[in-house]
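As structure tokens, the structure follows; a few thoughts come after it.
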DNA sequence: TTATAAAAATAGACCGGTCTGTCTATTTTT
DNA sequence: AAAAATAGACAGACCGGTCTATTTTTATAA
């Protein structure tokens with residue numbers, strides 16, 4: 001992996017675990033095994049640019065994972081269920097250290113760093129659009145609202161899962177998927 | 001207000017806006033107009049103890065607000081709607097700087113500071129129990145699950161609201177309250 | 001193919017500032 | 001007089017970021 005990619009990967013992991021403010025530049029370059037010069041060579045914009053690149057990498061990574069789980073399933077219900085399972089696996093295998101890759105940064109930056117929040121928004125938009133395309137592909141009259149509702153509930157479940165160190169909130173979300181899909185295309 | 005309370009209030013506001021890691025002790029004491037000696041006099045445990053005290057204050061404050069909105073409403077639907085409206089007001093009047101008081105800290109501390117996460121969990125437990133008691137008071141066969149589901153969806157909506165700087169996620173939650181209550185006590 | 005110039009990347013010392021936390025006084029209250 | 005609270009200097013570590021070399025790679029020309 002290139003030095004640039006290594007910086008992004010390390011940053012992505014650290015901000016996912018403890019957020020942006022608690023993740024230092026020195027910590028990042030030490031974990032990546034690179035000198036500070038390299039970091040500011042690839043990311044002249046400093047920490048903010050690096051964080052945005054890390055968010056961007058999540059956009060691609062999760063977007064791909066979403067598509068894979070969608071296309072590998074026969075029904076929309078199964079697809080959404082697979083996405084939830086994906087996060088269940090991530091949570092348990094990391095002992096609840098790895099939650100939603102962007103939520104922590106989103107809350108940290110909401111009032112203070114508009115540029116970072118914009119990056120978060122781009123990731124969200126991509127996830128929702130990706131999900132929406134899948135729902136339509138599966139023949140559902142799914143619109144952006146349906147996909148947005150699912151992601152919203154997923155975010156809530158991920159917050160609660162990390163607080164209580166339990167997958168129960170996500171298991172409950174899985175139970176509600178059918179109902180969520182049914183209710184959506186009956187309402188205007 | 002006592003010096004101790006002032007420290008708690010200031011800390012509560014700051015961690016709500018930008019989290020725990022980005023909020024410094026010096027910033028807190030400056031905003032509170034107190035010397036460092038006072039801070040470590042009241043909170044010998046340092047930053048963590050102060051943050052936990054701030055979380056505790058949120059427990060009381062929001063718990064009271066919840067009860068007030070519940071008792072002031074005729075139906076359970078109206079009560080829950082009032083809670084959502086409470087957050088809508090907080091978000092808009094603060095220009096989306098003030099979201100859920102504990103979510104940011106919850107995500108920041110989930111993997112790194114167990115003591116703080118425990119504080120978050122105590123707040124959540126209190127909110128859920130308070131909500132549950134209200135649902136039963138209103139004659140619903142509401143159990144902990146119903147209240148937990150509502151809070152979970154509220155958390156998700158609050159995250160999305162801050163990302164998109166919009167109250168729409170919360171407005172959509174309001175529309176789903178009736179359905180949420182109906183579905184709950186029909187399932188075992 | 002080799003010599004050389006230009007560009008890219010690596011390396012880390014260093015800067016001013018801020019971090020949490022400690023410590024000793026001094027003032028205020030009991 | 002004793003206890004509580006206020007006051008802030010100070011310490012050692014770390015912060016993000018800048019800056020100058022040095023090494024490595026790439027491109028070009030003989």
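The values are calculated or read from the model by the stated rules, or taken from the named source; none is laboratory data. Worth saying up front: this structure is predicted, and the values here are computed from it rather than measured. Please note: Cβ atoms are built from the backbone with ideal geometry, for glycine as well, and neighbour counts cover all protein chains shown.
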(message) Every residue in the range B:90-104 that is more than 9 Å from every other protein chain (Cβ to nearest Cβ) and in contact (Cβ under 8 Å) with a residue 60 or more places away in the chain, please.
(response) B:91, B:92, B:101
(message) Is it the case, given these coordinates, that residue B:8 is under 30 Å from residue B:82 (Cβ atoms), more than 14 Å from the chain's Cα centre (by Cα) and within 16 Å of DNA strand D (Cβ to nearest atom)?
(response) yes
(message) For the condition surrounded by fewer than 18 Cβ atoms within 10 Å (Cβ to Cβ) and within 16 Å of DNA strand C (Cβ to nearest atom), what is the one hit in A:73, A:65, A:57, A:2?
(response) A:2
(message) So in the range A:105-115, with the set limited to residues that are touching a residue at least 40 places away in the same chain (Cβ under 8 Å) and surrounded by 15 or more Cβ atoms within 10 Å (Cβ to Cβ), which one is farthest from the chain's Cα centre (by Cα)?
(response) A:113
(message) Anything in the range B:137-175 that is away from chain A (no Cβ under 14 Å) and either touching a strand residue (DSSP E or B) at 6+ places or on another chain (Cβ under 9 Å) or at positive phi (or both)? List them, or say none.
(response) B:139
(request) Kindly check whether there is at least one residue in the range A:117-136 that is under 16 Å from residue B:165 (Cα atoms), within 10 Å of chain B (Cβ to nearest Cβ) and in a loop (DSSP other than H, G, I, E, B). (result) no
(message) Is it the case, given these coordinates, that residue B:83 is within 16 Å of DNA strand C (Cβ to nearest atom), within 22 Å of residue B:160 (Cα to Cα) and either within 18 Å of the chain's Cα centre (by Cα) or assigned to a helix (DSSP H, G or I) (or both)?
(response) no
(message) Residue under question is residue A:32, and the condition is that it be surrounded by 18 or more Cβ atoms within 10 Å (Cβ to Cβ), within 14 Å of another protein chain (Cβ to nearest Cβ) and over 30 Å from residue A:143 (Cβ atoms); does it hold?
(response) no
(message) I'd like the full set of residues that are surrounded by 15 or more Cβ atoms within 10 Å (Cβ to Cβ) and more than 14 Å from DNA strand C (Cβ to nearest atom), limited to the range A:45-54.
(response) A:48, A:49, A:51, A:52, A:53, A:54
(message) Just to verify a result, which residue in the range B:13-44, among those that are outside any helix (DSSP H, G or I) and within 22 Å of the chain's Cα centre (by Cα), is nearest to DNA strand C (Cβ to nearest atom)?
(response) B:24
(request) Go over the candidates A:33, A:72, A:63 one by one and state the one that is out of contact with any strand residue (DSSP E or B) (no Cβ under 7 Å at 6 or more places or on another chain) and modelled with pLDDT of 95 or more. (result) A:33
(request) Determine, yes or no, whether residue B:73 is more than 14 Å from every other protein chain (Cβ to nearest Cβ), more than 16 Å from DNA strand D (Cβ to nearest atom) and assigned to a loop (DSSP other than H, G, I, E, B). (result) yes
(request) Kindly indicate whether residue A:44 is free of Cβ contacts under 8 Å to residues at least 60 places away in the same chain and near DNA strand D (Cβ under 8 Å from one of its atoms). (result) yes
